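Enquirer: Structure provided below as structure tokens; questions to follow.
Values in this text are rule-based calculations from the coordinates and carry no lab data. Keep in mind that what you see is a predicted model, and the values were worked out from it rather than measured. Here Cβ is always computed from backbone atoms with ideal geometry, including for glycine, and neighbour counts include all displayed protein chains.
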Amino acid sequence: QEQQEKPEQEQEQEQQQQQQPAESVEQIETMLEQMVQEQKDVIVSATRYFVRLLSSADGSANETDRAWLLGRFKEFMRSHRALVLDNAQTLEAAVFTPEASEDTRLVFSSLRSLCA
């Protein structure tokens, strides 16, 4: 009887081991989806912050400061162009609205046309 229990126990252990990798893959996929969403949220938030600052009086009070900030914005857009382009529709709808300054919209449209 003990010998019969061992194979049953071994079978249960094998089944558990086979199930664990499947659960791990599902967990990893869920984590990856969450990370991708977080990455999108960060790109949209950072872009929104740049555009809001460049479109406000605070961002354009001093021409030298504004030129520097616009340069950083362009560098940000170039450095993260793949993510920016992946989220272009969201950015266009939420960030690059008519309220955004003309030069920030121009940077965005130039990036889109260069990478098309």
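Enquirer: Sticking with the crude label model, points 7 Å out along Cα→Cβ, report the distance from A82 to T64 in nm, one decimal please.
Expert: According to this spin-label approximation, the distance is 3.8 nm.
Enquirer: While we're here: Please sort 100-113, 43-56 by packing, taking for each peptide the average over its residues of neighbouring beta carbons within 10 angstrom, highest first.
Expert: 43-56, 100-113
Enquirer: Using 0.36 nm per residue of separation minus the Cα-Cα distance, give me the extension gain between Q27 and K74 in nm, one decimal.
Expert: Using 0.36 nm per residue and subtracting the Cα-Cα distance, I get 13.2 nm.
Enquirer: Compute the distance in nm between two label points, each set 7 Å from the Cα along the Cα-to-Cβ direction, one at V42 and one at C115.
Expert: 1.6 nm
Enquirer: Summing +1 for each Lys or Arg and -1 for each Asp or Glu, what net charge is found among the other residues whose Cβ lies under 12 Å from the Cβ of E33?
Expert: Taking every Cβ under 12 Å from that of E33, the sum is -2.
Enquirer: Mind checking Rg over Rh on the range 40-116, alpha carbons, Kirkwood formula for Rh?
Expert: With Rg and the Kirkwood Rh in hand, the quotient comes to 0.94.
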